[in-house]
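Chemist: Could you have a look at this structure, given as C-alpha cells, before my questions?
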Amino acid sequence: MGVSSRTVATQVVTRASSTHRVASSSSSSSSSGGRGGRYGWSTASVGGGIVVAAAVVGVSVASAEQTPDYAQVRRDIEELLDDESWDDGSWGPVFVRLAWHASGTYDVCSHTGGSNGATMRFPPECNHGANAGLAYARERLEAVKRKHPTISYADLWTLAGTVAIERMGGPDIRWRRGRRDAADGTACPADGRLPDASQGNAHTRSIFHRMGFTDREIVALLGAHALGRCHTDRSGYSGPWTNSPVTFSNDYFVQLLENKWTPKKWNGPHQYEDASGSLMMLPTDLALLDDKVFRTWVEAYAKDEALFFRDFAFAWQKLMDLGVPYRGGVLGDLLL
Ligand code: HIF
C-alpha cells in the first residue's frame, strides 16, 4: 500500500473511533486510580499487582484542547523515524521493541502488567535487563509528548511501535487509544516476564501463553524480527536477522528456512550466524524449526506474505491491548 493511501486509512480509523468516544476530562498524567470523563476507574492491589476496574459514572464533555490530535501525533512520530546516524537509518525497530516490551509483561491470570500504565518509566522496570537500550527510544519520543502533553505515554509508545511497523512497509494495524499512565512504579511487573533469548520452545510457549497468545499468534509475532538488530551493549547478542532490517516483510521466515545457520564462534552469548556471518538468529528463533506446530506456521508465512501480514496485524493489536480494559471483545473500543 502506498504512503498516501496508508495515511488516509489511518485518518479514517482515527475519525471512526472518535465517534465512539466520550472524551475524558482527566489529564493523561493522572494515575489509573484517577477518575474522569464517562468512566470512573478504581484500582485495587491484588497479590502485589494492580487490577483496574471501570464503572460508568456519568458523561462529561471535554474541550478540544484536552483531546490529543492523534492524526498529528502519528505524523510527528513519522517525522522521528528516519535518522541516518541511528543503526540502519531508522528508529522504527527500537520503537517496535519499546511498544512490545511495554505490553509483553502481561499476565492473563493475575491481570497484571501490559501496556496500560506505561510503568517502564519507573524503577525497577526501567532497569530490568530485558529493557536495556529502550531509554533511547523513550527519550526520542519525549519530543512528541512535549508537543501533545495530553496523550498518555502508554498510548504514545504503543502508537509509535504501530506507526513504525506501518511506515516500514507492514500491514495497516488497528490501534486504539485510551491507555492511562500509572502515577508511580508500584504496578511495575516483576522482572522475568519478558522472554529469554537463550531458551527453547517450552520457554517461548510459557511466556506467550501467559499473555494469552496461541501458537499461531506466537509465530506471526516473531516475524517482527525481520526488523532491527541485536546490540552487544544491550542484549549482548549481535547483528540483524535479515538484510533489510528497516523493511517489514516475511523475510525472517524465509531466512530461517532457507539460510544455513551455524553456531557463531565468538566471545559472546550462544547465537547462530549464516555463511556470510552478517545475519543472525537467536536460540529462540532457530528453535521454532524443531517444533511441528511452530514449523508449520513458519513455512506458511514464508510462502504467503499476505497471510503473514493479516495474522501479524491481528496479533500485534492484541499485544498492544494487553492489560487495557476494553468493551465488546477484541474489536471493541477501549473503555474511555
Ligand atoms: Fe525481539 N529481541 N524478542 N521481539 N525485538 C531483540 C530485538 C528486537 C526476543 C529477543 C530479542 C519479539 C520477541 C522476542 C524486536 C521485536 C520483537 C533483541 C536484541 C533480543 C535479544 C535487543 C538488542 O540487543 O538491541 C525474544 C527472545 C523474543 C521471543 C521469542 C516480538 C516478536 C518478534 C514480540 C517482537 O515484536 C525488534 C523490532 C527488535 C530490534 C530492536 C532494535 O533496536 O533494532
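Chemist: All other residues with a Cβ under 14 Å from the Cβ of G185 taken together, and with Lys, Arg as +1 and Asp, Glu as -1, what is their net charge? Please report the intermediate quantities before stating the final value.
Modeler: On the way: positive: R121; negative: E125, D181, D184, D191.
It works out to a net charge of -3.
Chemist: In whole Å and largest first, what semi-axes does the C-alpha gyration tensor of the stretch 201-314 yield when each eigenvalue is scaled by 5 and square-rooted? Let's see the in-between values first.
Modeler: Details: eigenvalues 97, 52, 36 Å².
Semi-axes, largest first: 22, 16, 13 Å.
Chemist: While we're looking at this one, here's another question. Just flag the trypsin sites (Lys or Arg not before Pro) in the stretch 178-243 sitting in loop per DSSP whose Cβ has no more than 12 other Cβ atoms within 10 Å.
Modeler: Values: sites: R179, R180, R193, R205, R210, R216, R229, R234; in loops: R179, R180, R193, R234.
Answer by residue number: there is no such site.
Chemist: Which aspartates and glutamates have a Cα less than 20 Å from the Cα of K264, not counting those fewer than 8 places away in the same chain?
Modeler: D196, D233, E273, D274, D285, D290
Chemist: While we're looking at this one, here's another question. Compute the Kirkwood hydrodynamic radius of the stretch 123-264, taking the inverse of the mean of 1/r over all pairs of distinct Cα atoms, and give it in Å to one decimal. Walk me through the intermediate numbers first.
Modeler: Details: mean 1/r = 0.0576 Å⁻¹.
Kirkwood hydrodynamic radius for the stretch 123-264: 17.3 Å.
Chemist: Using the Cα centre as the reference, give the magnitude of the dipole from point charges on the C-beta atoms of the stretch 201-314 (Lys, Arg: +1; Asp, Glu: -1; all else neutral), rounded to the nearest 20 debye. Display every interim value, and only then the final one.
Modeler: Values: 12 positive and 14 negative charges, 54 e Å.
Its charge dipole is roughly 260 debye.
Chemist: Specify whether the C-alpha gyration tensor of the stretch 165-249 places it in the rounded, prolate or oblate class, a ≥ b ≥ c being the square roots of the eigenvalues: rounded for a/c under 1.5, otherwise prolate if a/b is larger than b/c and oblate if not.
Modeler: Numbers: a/c = 1.40, a/b = 1.16, b/c = 1.20.
Rounded, because the longest to shortest axis ratio a/c is under 1.5.
Chemist: Determine which aspartates and glutamates satisfy two conditions relative to K147: a Cα distance under 15 Å, and not lying fewer than 8 residues away in the same chain.
Modeler: Within the straight-line limit of under 15 Å, K147 reaches these aspartates and glutamates: E65, D69, D76, E78, E79, E139, D155.
Chemist: Something else about it: Ordered by residue, what ³J(HN,Hα) values in Hz, to whole numbers, does the stretch 78-90 give under the Karplus form 6.51 cos²θ - 1.76 cosθ + 1.60, where θ = phi - 60° and Gly and Pro are x?
Modeler: 4, 4, 7, 5, 6, 6, 4, 8, 10, 6, 9, x, 8
Chemist: I need the phi-derived Karplus couplings for the stretch 185-193: 6.51 cos²θ - 1.76 cosθ + 1.60, θ = phi - 60°, integer Hz, Gly and Pro marked x.
Modeler: Once θ is set to phi - 60°, the couplings for the stretch 185-193 become x, 5, 9, 4, x, 5, 5, x, 7 Hz.
Chemist: Sticking with this one: Using the per-residue mean of other Cβ atoms lying within 10 Å as a proxy for protection, in what order, highest first, do the peptides 119-127, 303-311, 159-167 fall? Write out the running numbers ahead of the final one.
Modeler: Values: 119-127: 18.3, 303-311: 16.4, 159-167: 26.2.
Order by mean packing, descending: 159-167, 119-127, 303-311.
Chemist: Related question: Non-local amide H neighbours of Q271 (under 5 Å, H modeled in plane, Pro and chain starts lacking H): which ones?
Modeler: Distant-sequence amide H within range of Q271: K264.
Chemist: What lysines could a cross-link reach from K260, if we take a straight Cα to Cα line under 30 Å and drop same-chain neighbours fewer than 8 places away?
Modeler: Straight-line reach from K260, under 30 Å: K292, K303.
No value in this document is a laboratory result; all are computed from the given coordinates. Fair warning: this is a prediction, and the values are worked out from it, not measured in the lab. All Cβ positions, even for glycine, are placed from backbone atoms using ideal geometry, and neighbour counts span all protein chains on display.
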